[in-house]
Amino acid sequence: MQVIIRKLAPDSRKDIDGWRELYHVVFGREYPEEVWKWKYLGNPYSDSEGPLIYLAESNSRIVGARSLLPSMVTIEDGQTREVLRACQMNNAMVHPDFRREGLFTKLTEYSDEDARGKGYKLAYGYPNAQSLPGHMKMGCTYLGQLRHCAVVIEPGRILGDYFTRLGIPRFAQKAFLPVAGTVIRLASPHITVGQYRLEHGPVERFVQDIANQHVCAGPRQGIFGLRSVDFLSWRFRRPGRDYCAYALYDSDRMVGYLVVFIDTVARRALIKDIYALGWDREILAGLLKGTTDHLKTQSYGLLSITLLDRKWPLKSLFSPRHGVWRRYVAEHLIAYQLSKELKPSLLSDRNNWYLQQADRSPM
C-alpha cells in the first residue's frame, strides 16, 4: 500500500482533523484544537511557511506524523554567545495498522532534511522508554534520564493521599502520619529569603525583567533556552493552564525567578522555569523558601520540578538531604545535530545542557 510523506497544510481542515484523530488512536485521548493552534500556530518561533508537522498519508488517510516545534537556544562558552535555531522533536506517532513498515524512519529523514534546509541547527527531544530505541537508531545522542523532585509543603495531606492509594487503613494512618510529618519537617531546609524582596503574580508582569536577566547574566557556559519577551508571553499562556511567577529583587533589580504551573484541582504546583544570577545557591534557596511559604498559605500541598539528572546547583538544592523526594521518570533527553558546524563534544556532555520544562513542548 502506497504511503506519501508530506508536510501538513496549515489551512487544511482535513489535515488538522486527521492529525488529531491519529493522536486519539495512538494515545487514547483527545488533543484540544485550541491547544493545537496555540502550540503550532501561535509559537513566535514558528516557520513562516507553517508548522513543521510532517504526515504519512495512505489512501487520503493520515497514518503517521512527526512534529518539530521550533525554538531558540543559546550556546555560550564564557566569552561568546551564539543564538541558534533549534527544534524539539515531539508527537511522533504511527497508526497501529501501519507499524513495523519503516514509517518512523521515513518521517524522520524527511522532516530532518526539511528542517536542515530551513536553517535549523539542532534538534532535541524527550522520548519515553518505548520510543527511545527508535530515536537512538536514527543517530541521536543520549544525554540522560529525567528525575522528578518534590518538596512536601503539607505532609499530612500528601502522605494521607499516598497511604490511601496504598490501601493502608485509616487507623494505621492516624498512628503513622504525625511521626512521618515530623520527620519531613525536620529534614526540610531551614532557609530564609534573606536580604531580597519576594514578589509574585501573573507571568506577564515579569516577562521583561526575566528576559533582561538572561541577557545580562554575565559569562556562563552551556546550552540554554532563549528567554525572549515573545517566547515567555506565548509559553505561559497555554489554554486551560494557570501559571504564577515568583521573583526575588535586590532593590529594583531581579536576581532570580521561578515560574510554576498551578494545578488548582490537585492543589499542587510544578516548576516550569527557574534561574538565578550565577546559579547563586542563596538566591535559589530563597526562591524556594518564599514560594513554598506562599503556596502553603493558599493550601497547596506539593511543589515539584522535573530535571535532567546531571551536575548543577539545582540537583543539590532539590536533594533528599533537604527533605526533597526524588524518583526517576520514564523520560529521557536526547539531541540530534542538524548542522556539522556544531561541536559534537559540546552536545554530548549532559552537563552542558540547561534546558528546563519551559523549553519542552507541553502535551
> Which listed residue (TYR45, PHE236, VAL152) has the Cα farthest towards the positive end of the charge dipole for the chain, taking +1 on Lys and Arg C-beta and -1 on Asp and Glu C-beta about the Cα centre?
Replying inline: VAL152
> Which FRET efficiency value, to the nearest 0.05, do you get for ASN59 and HIS24 by plugging their Cβ-Cβ distance into 1/(1 + (r/R0)^6) with R0 = 30 Å?
Replying inline: 0.95
> Using a basic spin-label model with each label point 7 Å from the Cα along Cα→Cβ, how many nm lie between SER12 and ALA266?
Replying inline: 3.7 nm
>> List residues of the range 38-78, by number, whose backbone nitrogen lies under 20 Å from a label position 7 Å along Cα→C-beta of ILE5.
In response: 50-70
>> Quick check: pseudo-label points 7 Å beyond the Cα along Cα→Cβ at ASP230 and ASP114, how many nm apart are they?
In response: 2.1 nm
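Quote the charge dipole size of the range 41-137 about the Cα centre in Debye, to the nearest 20; the model charges only the Cβ of Lys and Arg (+1) and of Asp and Glu (-1).
220 debye
For the chain, what is the relative contact order in percent, using Cα pairs closer than 8 Å and at least 6 residues apart in sequence?
Relative contact order for the chain comes out at 23 percent.
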> Using 7 Å Cα-to-Cβ label points, what is the SER345/ARG220 separation (nm, one decimal)?
Replying inline: 2.4 nm
>> Given R₀ = 41 Å, what would the calculated FRET efficiency be for GLN195 paired with GLU33, taking r from the Cβ atoms and rounding to 0.05?
In response: 0.30
> Where the Cα atoms of the range 4-120 are projected onto their three principal axes, how long is each span, largest first, in whole Å?
Replying inline: 53, 31, 25
>> Viscosity 0.692 mPa s, temperature 37 °C: what is the translational diffusion coefficient of the chain from Stokes-Einstein with a Kirkwood Rh over Cα pairs, rounded to a whole number of µm²/s?
In response: 148 µm²/s
> From the cross-link list LYS37/LYS343; LYS106/LYS315; LYS311/LYS340, which pairs have alpha carbons spaced over 32 Å apart?
Replying inline: LYS37/LYS343; LYS106/LYS315
> Dimensions of the range 214-363 along principal axes (Cα, Å, largest first)?
Replying inline: 51, 39, 36
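All of the numbers you see were taken from the coordinates with simple rules; none came from a lab. No experiment lies behind these values; they were computed from the predicted model shown. For neighbour counting, all protein chains shown are included, and Cβ atoms are generated from backbone atoms with ideal geometry for every residue, glycine included.
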